[in-house]
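Below: one structure, written as structure tokens.
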Amino acid sequence: RLLQIRVGKCLPPADYQEKLGPEGWPCDIPSAYFKDEVSEVEATLAGLKGNESGHPVHIEDAKFRAALVHNTLHNEYFKDLFPDHVFQPGDFGENFIVDHPSLTVNEVCVGDQYQIGSAIFRVSGPRFPCPKVDAAQKLKGVQKLGLENGWAGYFYEVIQEGVCKVGDEIRLLQRPHPGFTIHRVASGMWGPKEKQDHSREFIEALANMEVLIPRGFRITAQTRLARLNAEA
């Protein structure tokens, strides 16, 4: 079930600098990283009502970034490097917080369709975390691990508008791309060199996966496929 919903308005960088102290905030444009908890939200084709984004890249891909999902079970994955750190709700700038094993990055696949309340969402791919992930938690390395493994969350695209409430069941409707889990896509594209998947089968599948978020994933896969074709 949906444990928590968070939405946020953009704030000027100075507000984040004041909140985070001398380490600073690695962004010079307004951001809605830290969000407020709400009991329900209206999901529209343009995104979640009341939720903003200030980064031009995020706005460009807004359709594919309607809601950021974070599974609290992923917090355990970071424990090896950060055993004393306690992750709090909202630390990843997420919109939806869940905690079920079937909703981890090892299970959720790109293209999955989920119904939450009266809205239907489609998984558009892993998050490509920026330095704000490290800055928000005053740690070094969370961003890197999140990028390499998908642990920093994954995105939903809205394909049927509706209302979601805390406590709503998250029901899987379709899985058109079984095997292309969030973890596999993130690791295959951006993991350590020994874990990246440079096979034509993998790259070609992502390059042609229209539901996959473009920037950082589908477009990058298309670039890599073009390189493979040139080499061939």
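The values are calculated or read from the model by the stated rules, or taken from the named source; none is laboratory data. The structure displayed is predicted, hence computed values, not measured ones. No Cβ is skipped: glycine too gets one built from the backbone with ideal geometry, and neighbour counts run over all protein chains shown. Heavy atoms of the whole protein, side chains included, go into the accessibility calculation; ligands, DNA and RNA do not. Shrake-Rupley method; radii C 1.70, N 1.55, O 1.52, S 1.80 Å.
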Globularity ratio of region 98-232, using Cα Rg and 2.2 N^0.38 Å: 1.11
Scoring the chain by relative contact order with C-alpha pairs under 8 Å, at least six apart, yields a percentage of 23
Magnitude of the Cβ-charge dipole (Lys and Arg +1, Asp and Glu -1) of region 77-142 about the Cα centre, nearest 20 debye, reported as 220
For region 148-160, Karplus couplings with θ = phi - 60° (6.51, -1.76, 1.60), whole Hz, Gly/Pro x: 6, 10, x, 6, 7, x, 9, 9, 10, 9, 7, 10, 9
Rounded to whole Å, √(5λ) for the Cα gyration tensor eigenvalues of region 169-221, largest first, gives 21, 13, 11
Just from its helices, what would the mean residue ellipticity at 222 nm be for the chain, if runs of 4 or more DSSP H residues each count -39500 (n - 2.57) and the sum is divided by every residue, rounded to the nearest 500 deg cm²/dmol? -6500 deg cm²/dmol
Between region 63-108 and region 173-196, what's the alpha-carbon centroid distance in Å? 17
Dipole in debye (nearest 20) - the chain, about Cα centre, beta carbon charges: Lys, Arg +1; Asp, Glu -1: 380
Largest to smallest principal axis extent of the C-alpha atoms in the chain, angstrom: 53, 42, 34
With the other protein chains left in place, how much accessible area per residue, in square angstrom, belongs to region 86-232 at a 1.4 angstrom probe? 42
What is the packing order of peptides 111-120, 24-33, 142-151, 10-19, taking the mean over residues of other C-beta atoms within 10 Å and listing the highest first? 142-151, 111-120, 24-33, 10-19
Using +1 at the C-beta of Lys and Arg and -1 at the C-beta of Asp and Glu, which of Ile219, Leu3, Val185 has the Cα lying farthest in the positive direction of the dipole of the chain? Ile219
Modelled FRET efficiency - R0 30 Å, Ile29 with Gln88, Cβ distances, 0.05 increments: 0.75
Total lysine pairs whose alpha carbons fall under 17 Å of each other in the chain (8 or more apart, or interchain): 19
Protection-proxy order for peptides 180-191, 160-171, each taking the mean of Cβ atoms within 10 Å per residue, highest first: 180-191, 160-171
Accessible surface of the chain, 1.4 Å probe, proportion on carbon and sulfur as whole %: 51
Just need log10 I(q)/I(0) for region 1-89 at q = 0.19, 0.24 Å⁻¹, Debye formula, equal scatterers on the alpha-carbon atoms, no solvent, rounded to two decimals. -1.09, -1.24
About the Cα centre, and with charges only on the beta carbon of Lys, Arg (+1) and Asp, Glu (-1), how big is the dipole of region 27-124? Nearest 20 debye, please. 320
